[in-house]
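The values are calculated or read from the model by the stated rules, or taken from the named source; none is laboratory data. Given the structure is predicted, the values throughout are model-derived calculations rather than measurements. Every residue, glycine among them, receives a Cβ derived from its backbone with ideal geometry; neighbour counts consider all protein chains shown. Each accessible area value is taken on the protein alone, full model and side chains, heavy atoms only, with ligands, DNA and RNA left out. Shrake-Rupley method; radii C 1.70, N 1.55, O 1.52, S 1.80 Å.
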Amino acid sequence: MSLPIGFTEHPADLLTAGPGFSLAEQPTNAAPGFSGKKADGADTLAARAPVIAQLQEQLFAESRFGGKKSVLLILQAMDTAGKGGIVGHVVGAVDPQGVKLTTFKAPTDEEKAHDFLWRVRPAAPTPGMFGVFDRSHYEDVLIHRVHGWADAGELERRYEAINEFEAELVAAGTTIVKVMLNVSPEEQLQRLAARLEDPTKYWKYSPTDLDERKFWPEYMEAYQRVFDKTSTGHAPWYVVPADKKWYARMAVQEILIKALGGLNLQWPAGNYDLAKERARLKDAVI
């Protein structure tokens, strides 16, 4: 697959959390692999929107004729990192009838009575669907580790359960794209302050965001452990610099386009006699 305009290297190759990956060494304010500026990034995002839209439509169309493929985008990040922007500007470019967005909030009492994956399994995308998890089952090994809600043994069990669960999804035809939007604490503070200066963004602010900031080092350690334990060959993690929102959106779009492009999607031929139906149309004039 050729590189999109403005890229010298593909972000999927540059941003993978592979063996030896160190989150502490990753820049948050960079634009890896992209030679242009903010305006160029906006142009690239717009120009590539029809590409991801067509691929998603082909994914959906294939499933109408027995196709088993699906895609699951998992978004994880600290607050204000831009998950909503990815959903709006990247996923928002595709046909909404083929998208299933799930936002995992704090578990209910019923959900707490079951294993942590109990509420996640039904949300997995069915054939033809583009699933999006805005936060996910990874909360159960991130916040639970930071606040000590699960001990070391239980956390290890959960890492293994996550890997098994994701392997099952992949075996059933789901391509998993896991993205951590890597924002700096300085940028997060600016974004939180901006929410308190704009009446249209008051609703986005939560006092608990400042409370969780106090645990920033612990969260970074928890994310590092997640990458060490769950960035696998069948479901790798991509760590995307997020201080530049325009770059993060463009990079995630390209990672998704590459994932969808690797599925060898085809337009279905239909389950009817094409010549016969064309002939019938000639007699269908009312």
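For this structure, a couple of remarks:
- In a reduced charge model with +1 at each Lys and Arg Cβ and -1 at each Asp and Glu Cβ, the stretch 171-278 shows a dipole moment near 300 debye about its Cα centre.
- Computed FRET value (nearest 0.05) for Leu3 with Glu154, which takes r as the C-beta separation and R₀ as 35 Å: 0.20
- Computed about the Cα centre, the dipole magnitude for the chain is approximately 960 debye when only Lys and Arg (+1) and Asp and Glu (-1) carry charge, each at its Cβ.
- The ellipsoid equivalent to the alpha-carbon distribution of the stretch 217-286 has semi-axes of 49, 16, 9 angstrom, derived from the gyration tensor eigenvalues as √(5λ) and listed largest first.
- The stretch 1-75 shape via C-alpha gyration tensor axes, a/c threshold 1.5: oblate
- Contour minus Cα-Cα distance for Asp95 and Asp115 (0.36 nm per residue): 3.9 nm
- By the rule of a C-alpha distance below 14 Å, with chain neighbours fewer than 8 residues away ignored, the aspartates and glutamates paired with Lys112 are Glu139, Asp140.
- Annotation for the stretch 210-286: chymotrypsin sites (Phe, Trp or Tyr not before Pro) lying in DSSP loop with at most 15 further Cβ atoms inside 10 Å of their Cβ are Phe215, Tyr272.
- For the chain, the share of DSSP beta bridges that are antiparallel, to the nearest 5, is 10%.
- When the charge dipole of the chain is built from unit charges on Cβ atoms (+1 for Lys and Arg, -1 for Asp and Glu) and taken about the Cα centre, the candidate among Met180, Gly84, Pro19 whose Cα reaches farthest toward its positive end is Gly84.
- Shape of the chain, Cα gyration tensor, a/c cut at 1.5: prolate
- Of Phe60, Phe65, the order by accessible heavy-atom surface (1.4 Å probe, DNA, RNA and ligands excluded), from most exposed downward, is Phe65, Phe60.
- Just the protein heavy atoms count here, and of the accessible area of the stretch 103-158 at 1.4 Å, carbon and sulfur take up 53 percent.
- One Cα centroid belongs to the stretch 216-275, the other to the stretch 164-206; the line between them spans 14 Å.
- Accessible surface, per residue, of the chain when the full set of protein chains is kept, probe 1.4 Å, Å²: 51
- Centre-to-centre, using Cα atoms only, the stretch 1-42 and the stretch 56-97 are separated by 20 Å.
- Cα-based shape type of the stretch 60-189, given that a ≥ b ≥ c are square roots of the gyration tensor eigenvalues and the cut on a/c is 1.5: oblate
- Placing +1 on the Cβ of every Lys and Arg and -1 on the Cβ of every Asp and Glu, with nothing else charged, gives the stretch 136-217 a dipole about its Cα centre of roughly 340 debye.
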